[in-house]
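Here's the structure we're looking at; comments come further down.
The values are calculated or read from the model by the stated rules, or taken from the named source; none is laboratory data. Worth saying up front: this structure is predicted, and the values here are computed from it rather than measured. Cβ placement follows ideal geometry from the backbone for every residue including glycine, while neighbour counts extend to all protein chains displayed.
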Amino acid sequence: MRRTDLEAVLEAKGISKRFPGVLALDGVSLALHPGEVHALVGENGAGKSTLIKVFTGVHRPDGGELRYRGRPAAFGTPMAAQHAGISTIYQEVNLVPMMSVARNLLLGREPRGRLGVIDAAAMYEEAARVLAGYGVDTDVRRPLRDLGVGAQQMVALARAVSVDARVVIMDEPTSSLEPREVETLFGVIGRLRESGIAVMYVSHRLDELYRVCDRVSVLRDGRLAHTGDLAGLDRLKLISLMLGRDLGEVRTRGVTGFDRRRSAASTAGSAPAVEARGLTRRHVLDGVDVSVGPGEVVGLGGLLGAGRTETAKAIVGAMPLDGGQVLVAGTPLRGGSTTAAIRAGVSLLPEDRKAEGIIPTLSVRENIALAALPSLARGGVVSDARIDRVVEIFMRRLRIKAASPDQLVSELSGGNQQKVLLARWLAVRPKVLLLDEPTRGIDVGAKAEVQALIDELAQEGLGVLLISSDLEELVEGADRILVLREGAVVGELSGDEVTEERIMATIADQADG
């Protein structure tokens, strides 16, 4: 019997949801069946996050019907949805960092003694046993914040699965995981499938979708564009459904829509726009040297924890150093602060756009203009007209989708939030832009636009340091690639050496040596 022959455990029937100026969902129908892994894909702004929030009680639909286990359902809160058996694992870990690992895992379900007091010993033993099955070997009495992001994500996964769920929704679950942790996650998904639990899997990584998912639903502009078996759907066809373009156009543009392969001679001989010499911080960086020339895109490759993000933060003064020096256009950068770096023309787009980037309570307009306000002031007064002009330019150039510049940035899709951050730093007219995972968590269409923009900016003379866990993105986007491991540069690739195979071989050679 096919899984789709079973009664749906969770179903949206003609669901619509409106926000001010935006129809986020327009008559969407989608069913999740027991033992099925169902992929949900679409460009940012397609309605994926809104649909998840309808399923989990964050939003009430404005039209249509939600059904759970064959009956009409209306979850008033996320807690109500969770108690009913719908668990969600978000891209950003949604736990309590100051609380112990064990308490995070068993919060609300702690084992208790005869007088109702929490049995700490039993709680720690149970937490350690559960987490061992997810490849997490740690002292469960430690605060969650002491764990790496990947380990925190595995704790969130273990918590979601261990609450007797009938539906598990996974929103970009591998974005912070190491390859070993990804394999553990896929093993868990297999066990969920065998147990008859429905899984909704949201990811922009096509390899993952084709490996673990049975069916796929494609959202585009708030509407359902396609639902069907994934195995019989060609990847190019899937991309065309997501982008809303015919196959001929997708083949012409390619998946990423750009190609940066340039000759090494195009950047040779240029004085570095920024140069870092011997960046050192105990247990983090070990004498890292990096230089980026005008109009050059330099990639930083390596495994998670190799020191890529730390290198970028050190360059802009966001992380204290034990040694080393940063020069901008040949002049030492003094002050050791992000303010000094910005004034010198070096800006960083951080990896975590929610925690370190956007200000959710401010509008799109305010978020874009924030860093540029000092340069827009005349006699200490900032003209609204001048701000509006800058915001209009960058919203148009980056094709930011918003109801208006006054819309809250928190209401935008992840891809459009990322574009707002890019606009903020481009508005200060930097000499060098450091991009830490600029396409993390965004869909194929938004990814292509961001990558094409990086190429365009480099052609205009902007130096770019590109950090990415996506080897294909590095290979297609960078002129040179520095490979890091354990806080040190272990290889530099340029020209024909810039291939995925050479990047992996460089990492492996260092590991074996």
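Of note:
- Note on segment 163-184: residues that are closer than 20 Å to Pro34 by Cβ, surrounded by 18 or more Cβ atoms within 10 Å (Cβ to Cβ) and more than 16 Å from the chain's Cα centre (by Cα) amount to 5.
- Out of Arg69, Arg114, Arg60, sole residue that is basic (Lys, Arg) and surrounded by 15 or more Cβ atoms within 10 Å (Cβ to Cβ): Arg69
- Helices (runs of 4 or more DSSP H) lying entirely in segment 1-114 (those with 2 or more residues that are on the phi > 0 side of the Ramachandran plot and either touching a helix residue (DSSP H, G or I) at 6+ places or on another chain (Cβ under 9 Å) or assigned by TED's automatic domain parsing to the domain that holds Ile197 (or both)): none
- Taken over segment 119-154, the residue count meeting the criterion of being at pLDDT below 90, touching a Phe, Trp or Tyr at 6+ places or on another chain (Cβ under 8 Å) and of a type outside the set (A, V, I, L, M, F, W, C) is 0.
- In this structure, Val96 does satisfy being within 26 Å of the chain's Cα centre (by Cα) and loosely packed, with under 15 Cβ neighbours inside 10 Å.
- Residue in segment 481-494 that is within 22 Å of Gly287 (Cβ to Cβ), outside the structural domain of Leu238 (by TED's automatic domain parsing), in contact (Cβ under 8 Å) with a residue 24 or more places away in the chain and assigned to a loop (DSSP other than H, G, I, E, B) present: yes
- Subset of segment 376-425 that is of a type in the set (Ser, Thr, Tyr) and surrounded by 13 or more Cβ atoms within 10 Å (Cβ to Cβ) - its residue that is nearest to Ser49 (Cα to Cα): Ser413
- Pairs linking a residue in segment 308-320 that is in the same structural domain as Ala341 (by TED's automatic domain parsing) and without any contact (Cβ under 8 Å) to a residue 12 or more places away in the chain to a residue that is among the hydroxyl-bearing types (Ser, Thr, Tyr) and part of a helix (DSSP H, G or I), with Cβ atoms under 9 Å and 6 or more positions apart or on different chains, do not occur.
- Total residues in segment 317-366, condition in a helix (DSSP H, G or I) and β-branched (Val, Ile, Thr): 4
Quick grid of which residues meet (1) touching a strand residue (DSSP E or B) at 6+ places or on another chain (Cβ under 7 Å); (2) at pLDDT below 90:
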position: Gln418; (1), (2): no, yes
position: Leu421; (1), (2): yes, yes
position: Ala427; (1), (2): no, yes
position: Asp436; (1), (2): yes, no
position: Arg440; (1), (2): no, yes
position: Ala448; (1), (2): no, yes
position: Gln451; (1), (2): no, yes
position: Gly463; (1), (2): yes, no
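- When residues of segment 211-242 are limited to those that are modelled with pLDDT under 90 and in a loop (DSSP other than H, G, I, E, B), the one surrounded by the fewest Cβ atoms within 10 Å (Cβ to Cβ): Gly232
- Scan segment 190-210 for residues that are surrounded by 20 or more Cβ atoms within 10 Å (Cβ to Cβ), at pLDDT 90 or above and under 21 Å from the mean Cα position of the chain (by Cα) and the total you get is 5.
- Flag if Arg129 is at negative phi and assigned by TED's automatic domain parsing to the domain that holds Leu23: no
- Of all residues in segment 167-183 being part of a loop (DSSP other than H, G, I, E, B) and either among the β-branched types (Val, Ile, Thr) or in contact with a strand residue (DSSP E or B) (Cβ under 7 Å, 6 or more places away or on another chain) (or both), the one that is farthest from Gly85 (Cα to Cα): Thr174
- Which listed residue is under 26 Å from Ala46 (Cα atoms) and either in a loop (DSSP other than H, G, I, E, B) or assigned by TED's automatic domain parsing to the domain that holds Pro20 (or both), from Ala402, Ala423, Ala452, Ala448: Ala402
- Looking across segment 382-399, the residues that are under 16 Å from Ala371 (Cβ atoms), in a helix (DSSP H, G or I) and in contact (Cβ under 8 Å) with a residue 12 or more places away in the chain come down to Ile387, Val390, Val391, Phe394, Met395.
- Residues (more than 23 Å from Met504 (Cβ to Cβ) and surrounded by fewer than 24 Cβ atoms within 10 Å (Cβ to Cβ)) located in segment 281-300: Arg281, Arg282, His283, Val284, Gly287, Ser291, Gly293, Pro294, Gly295
- Test for Ala121: is it touching a residue at least 12 places away in the same chain (Cβ under 8 Å) and outside the structural domain of Arg440 (by TED's automatic domain parsing): no
- Restricting Leu370, Leu303, Leu327 to residues that are more than 30 Å from Leu493 (Cβ to Cβ), surrounded by 14 or more Cβ atoms within 10 Å (Cβ to Cβ) and of a type outside the set (Asp, Glu) narrows the list to Leu370.
- Looking at Arg245, Arg277, just one residue is at pLDDT 50 or above, surrounded by fewer than 20 Cβ atoms within 10 Å (Cβ to Cβ), touching a Leu at 6+ places or on another chain (Cβ under 8 Å) and not acidic (Asp, Glu), and that residue is Arg277.
- Residue pairs meeting the criteria (Cβ under 8 Å; at least 6 apart or on separate chains; first touching a residue at least 60 places away in the same chain (Cβ under 8 Å), in segment 141-165; second of a type in the set (Asp, Glu)): Gly150/Glu178; Gly150/Glu181; Gln153/Glu181
- Test: Leu435 is surrounded by 18 or more Cβ atoms within 10 Å (Cβ to Cβ) and outside any helix (DSSP H, G or I): yes
- Residues in segment 281-316 that are in a loop (DSSP other than H, G, I, E, B) and of a type outside the set (Val, Ile, Thr): Arg282, His283, Gly293, Pro294, Gly295, Glu296, Gly302, Leu303, Leu304, Gly305, Ala306, Gly307.
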